[in-house]
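The structure under discussion appears below in the form of C-alpha cells.
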Amino acid sequence: MAAPEVAARLRALYRAMERALGPQRWWPGRTRFEIIVGAILTQNTSWRNVARAIERLREARFLTPARLAVLPQSELAEIIRPAGYYNIKADRLKRFLGYLQGRYGLSLPRMLARRPSRLRQELLGVRGIGPETADSILLYAGGVPSFVVDAYTRRILGRHGLSHPGAPYD
C-alpha cells in the first residue's frame, strides 16, 4: 500500500475512533513537565509503577525542572524506585534535564515552542530518549500532532494491513 493510501486509511481510522469514543485525554499528568517525566519513566514498566514514582516526586516537592535539576542523581533514583530500573531512569531524567537546562534554561515553554521536527531531532539526541518517548513528549506535553507507535499501535496497524511485523518504528 502506498504512503498516501496508508495516510488516508489512518485518518479514516482516527476519525472513526474519535466519533465513537470522543477525545480520550488519557495521558495522565498535572503539568507538561510531569507528562515528560512520565514519558521517560514509563519505559519498560507499567503505568501503575510510574504513577507511584511520580507521586513520590510530588510529595517530596521535586516535580519541577528547577528542583529536579539540583537533586542528586542517587536521591532521585531512590525516589523513583517504584518505576523500576531506577538508576537507569534517574540517569535518563538527569540527561533530559541537562539538555533542557543547557539549551533552554530549564524553560519548557521555550523548548516546546521549537519547530516540532527540530525538537524531535533534539530529543532523539538525548541519550535514553528514543522515538516513542520523543513522540509522546511532542504529542502529550507539546500538543503537537505526532504519531506515537507503541505495542498497541503496531497491533492495530498489523490487523488492518497497514504495517507488517518487524517494521521499524519510523
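The values are calculated or read from the model by the stated rules, or taken from the named source; none is laboratory data. None of these values were measured; they are calculated from a predicted model. As a convention, Cβ positions derive from the backbone with ideal geometry for all residues, glycine included, and neighbour counts pool all protein chains shown.
Name every residue in the range 123-170 that is farther than 25 Å from Ala8 by Cβ and of a type in the set (A, V, I, L, M), in order of residue number.
Hits for the range 123-170 are Leu123, Leu124, Val126, Ile129, Ala134, Ile137, Ala141.
When residues of the range 135-170 are filtered for being in contact with a Phe, Trp or Tyr (Cβ under 9 Å, 6 or more places away or on another chain) and surrounded by fewer than 12 Cβ atoms within 10 Å (Cβ to Cβ), how many remain?
0
Please work out which one of (1) buried (at least 16 other Cβ atoms within 10 Å of the Cβ); (2) touching an Asp or Glu at 6+ places or on another chain (Cβ under 7 Å); (3) over 30 Å from Ala2 (Cβ atoms) is the condition Glu132 fails and give its number.
Single failed check for Glu132: (3).
Go through the range 42-59 and give me each residue that's surrounded by fewer than 19 Cβ atoms within 10 Å (Cβ to Cβ) and assigned to a helix (DSSP H, G or I).
Answer for the range 42-59, where residues must be surrounded by fewer than 19 Cβ atoms within 10 Å (Cβ to Cβ) and assigned to a helix (DSSP H, G or I): Trp47, Arg48, Asn49, Ala51, Arg52, Glu55, Arg56, Arg58, Glu59.
Anything in the range 132-154 that is part of a loop (DSSP other than H, G, I, E, B) and either over 13 Å from Asp170 (Cβ atoms) or of a type outside the set (A, V, I, L, M, F, W, C) (or both)? List them, or say none.
Scanning the range 132-154 gives Gly142, Gly143, Val144, Pro145, Ser146, Asp150.
Glu34 fails exactly one of the following numbered conditions: (1) out of contact with any helix residue (DSSP H, G or I) (no Cβ under 6 Å at 6 or more places or on another chain); (2) more than 21 Å from Leu123 (Cα to Cα). What is the number of that condition?
For Glu34, the exception is condition (2).
Of the residues that sit in the range 155-170 and are of a type in the set (Gly, Ala, Ser) and not in a helix (DSSP H, G or I), which one is farthest from Leu119 (Cα to Cα)?
Gly161
Do you know which residues across the range 4-41 are touching a residue at least 60 places away in the same chain (Cβ under 8 Å) and part of a loop (DSSP other than H, G, I, E, B)?
Of everything in the range 4-41, those that are touching a residue at least 60 places away in the same chain (Cβ under 8 Å) and part of a loop (DSSP other than H, G, I, E, B) turn out to be Trp27, Gly29.
Out of the residues in the range 60-75 that are touching a residue at least 24 places away in the same chain (Cβ under 8 Å) and part of a helix (DSSP H, G or I), state the one that is nearest to Ile35 (Cα to Cα).
Top of the filtered list is Pro65.
Of all residues being small (Gly, Ala, Ser) and either at pLDDT below 95 or closer than 20 Å to Ala60 by Cβ (or both) in the range 79-116, which is surrounded by the most Cβ atoms within 10 Å (Cβ to Cβ)? Just the residue, please.
So, considering only residues that are small (Gly, Ala, Ser) and either at pLDDT below 95 or closer than 20 Å to Ala60 by Cβ (or both), the one surrounded by the most Cβ atoms within 10 Å (Cβ to Cβ) is Ala83.
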